[in-house]
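Worksheet: the structure to be examined is printed underneath.
The values are calculated or read from the model by the stated rules, or taken from the named source; none is laboratory data. Predicted model only: the values in this text are computed from it and were never measured. As a convention, Cβ positions derive from the backbone with ideal geometry for all residues, glycine included, and neighbour counts pool all protein chains shown. To get the accessible areas, we keep the full protein, side chains included, count just its heavy atoms, and leave off ligands, DNA and RNA. Shrake-Rupley method; radii C 1.70, N 1.55, O 1.52, S 1.80 Å.
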Amino acid sequence: VFIMTTVFSFNVFGVDIRYTNEDGKTVKLTDFRDTQGHWAHDQILKWADYEIINGYNGNFMPNDYIIRGDLSIIIDRLTELKNQTYNYFTDLKNDDYFSEAMLKCVARGYINGVGNKQLNPRGNATREEVAVIFCRVFNIDTSYSGSTGFKDDSNISSWARSSVYALSKAGYLNGTPDGYVLPKNNITRAELITLLDNFADTYIPNS
């Protein structure tokens, strides 16, 4: 998983989670139903309080994989992007809930297409993809392109190696206890929020 070398503890209070139930009534919660006792509970609730993330019908689904469309929404909320590119992608509809955020991320250069005029918005984001995207968002130096030192270094895509190395060197990305980074694995929603939280103290303005 994504871990920072220094662990911070946060107590989050007053989170207002709302959703509309099947009867059309607004339900208010102070915590997601499925995050209590989860290892990333505090980080998830913290970023929900910041209104950067939200769930669905009172659940956050922390162990589900995050799709590229939802990743773009988080980035858009975090960086308050203004401009979006023209939608020439064949797999992105203008009325998709993540369409505007994705086109903003493309315009900024944070997220690229996957070829053949496609964005793969509903595809799961991998660990190496997120490493590349976060390095772009937070303007992290990725000039080094040598070995990362992980046992599965050869499995890291050439376009992602320098980003994986940069995050590893900075202490944001550690491998498994036996030395693997698992670059092609899909990243879970909880892992993504933990990585985002790791960046907060250094890269994200208080405002």
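Some values worked out for this structure:
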| quantity | calculated |
| --- | --- |
| Phi to ³J(HN,Hα) by Karplus 6.51 cos²θ - 1.76 cosθ + 1.60 over segment 146-154, Hz, x for Gly, Pro | x, 5, 7, x, 7, 5, 9, 3, 5 |
| Close Lys-Lys pairs in the chain, where close means Cα under 15 Å and separation is 8 or more or interchain | 4 |
| Cβ-based net charge around Leu192, under 12 Å, with every Lys or Arg adding one and every Asp or Glu removing one | -2 |
| Two-decimal ratio, the chain, of alpha-carbon radius of gyration to 2.2 N^0.38 Å | 1.04 |
| Karplus-derived HN-Hα couplings along segment 116-125 (A = 6.51, B = -1.76, C = 1.60, θ = phi - 60°), whole Hz, x at Gly and Pro | 6, 6, 10, 10, 6, x, 9, x, 6, 7 |
| Of Glu191, Glu100, Glu80, the one that fluctuates the most in a GNM where the chain has Cα springs shorter than 10 Å | Glu80 |
| Probe 1.4 Å, accessible area per residue of the chain, Å² | 55 |
| Residue order for Arg77, Arg33, Arg122 - accessible surface, 1.4 angstrom probe, largest first | Arg122, Arg33, Arg77 |
| Arg161 - accessible surface, heavy atoms, 1.4 Å probe, Å² rounded to 10 | 40 |
| More than 25 Å apart - percent of Cα-Cα pairs taken over segment 94-207 | 23 |
| Length-normalised contact order for segment 17-139 - Cα pairs under 8 Å, 6+ apart - percent | 21 |
| Accessible surface of segment 61-207, 1.4 Å probe, proportion on carbon and sulfur as whole % | 42 |
| Taking segment 53-106 and dividing mean pair separation by its residue count, relative contact order in percent (alpha carbons under 8 Å, at least six apart) | 40 |
